[in-house]
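Inspection log for the structure reproduced underneath, given as structure tokens.
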């Protein structure tokens with residue numbers, strides 16, 4: 001038994017340091033290749049699988065599925081201004097561009113090569129991709145700005161929709177509070193935020209994550225690697241929304257909890273800004 005535990009910890013450490021090597025050492029080289037050659041341009045509007053650090057699976061299908069899900073709950077038209085928090089390598093952006101469903105898009109991310117790829121792939125002047133040199137243990141360990149100090153590079157009330165897919169599921173409480181506050185600052189009155197999370201009270205036997213350890217308001221899967229999976233209570237989100245003139249308008253439960261037959265893996269919270 002002890003041998004198994006030791007092996008598991010060793011595997012986790014090895015995985016952590018492989019990620020560190022990839023994003024601290026290899027990532028800058030990938031960025032140069034993306035910027036100065038067509039070798040990693042991909043095909044049919046999708047990056048090569050080796051570049052897709054946001055999720056496994058069918059890039060095009062996933063993007064279309066997420067945008068369709070957003071559109072079921074949030075009105076989208078050619079006047080909609082979208083902020084994509086942690087836009088990754090453009091999974092949602094490319095879907096919006098293919099479908100021509102919005103009027104303006106701004107996305108930012110901490111992985112430079114993802115931003116470079118998006119800039120090459122989407123030339124539409126309504127779309128802009130910004131590199132955020134924020135320190136992140138996984139993706140940007142030598143980032144210049146602490147997440148708690150980062151100000152989104154956009155004007156107040158300049159968006160109708162803010163999207164954050166698989167962002168808050170990796171952020172500790174202090175960073176969650178900062179990102180939420182910044183998102184609400186950037187949203188216009190009546191605007192909506194489509195955020196995914198793990199709602200801790202939804203856990204059932206067989207849940208994908210136990211979230212057994214508390215760090216402040218956050219519930220994490222592993223104390224030694226807390227940003228692997230982070231959850232919060234619905235009450236936490238309700239209080240946070242109230243602090244920033246927002247309310248939770250819609251909740252969709254996710255299958256991570258152990259429940260069957262649900263559309264989404266993560267829980268979805270849709271906020272509306274009231275002030």
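Coordinate-derived values only; no laboratory data. Bear in mind that the values here come from a model prediction, so they are computed numbers and not experimental data. Glycine also receives a Cβ, built like all others from the backbone with ideal geometry; neighbour counts cover every protein chain displayed.
Suppose each label sits 7 Å from its Cα in the direction of the beta carbon; what would the residue 33-residue 235 distance come out to in nanometres?
5.0 nm
Can you tell me how much longer the chain between residue 69 and residue 249 gets when fully stretched, taken as 0.36 nm per residue apart minus their C-alpha distance, in nm with one decimal?
Here the answer is 63.3 nm.
Please state the equivalent ellipsoid semi-axes for the chain: what are the square roots of 5 times the Cα gyration tensor eigenvalues, largest first, in whole Å?
27, 25, 18
Please report the antiparallel percentage of DSSP beta bridges with both residues in the chain, rounded to the nearest 5.
Looking only at bridges with both residues in the chain, the antiparallel portion is about 50 percent.
What nm value, rounded to one decimal, do you get for the distance between residue 204 and residue 50 when each label is placed 7 Å out toward the C-beta?
Between residue 204 and residue 50, the simple spin-label model gives 4.2 nm.
Percent of Cα-Cα pairs per 10 Å bin, from 0 to the last occupied bin, for segment 40-163, please list those.
Bins of 10 Å from zero give 13, 45, 34, 8 percent of pairs.
Which residue, 89, 33, 165, tops the fluctuation ranking in a GNM of the chain built on C-alpha contacts under 10 Å?
For the chain, modelled as a Gaussian network with Cα springs under 10 Å, the answer is 33.
How many nm is it between the label spots at residue 98 and residue 126, if each spot is 7 Å from the Cα in line with the beta carbon?
My value for the distance between the label points is 1.7 nm.
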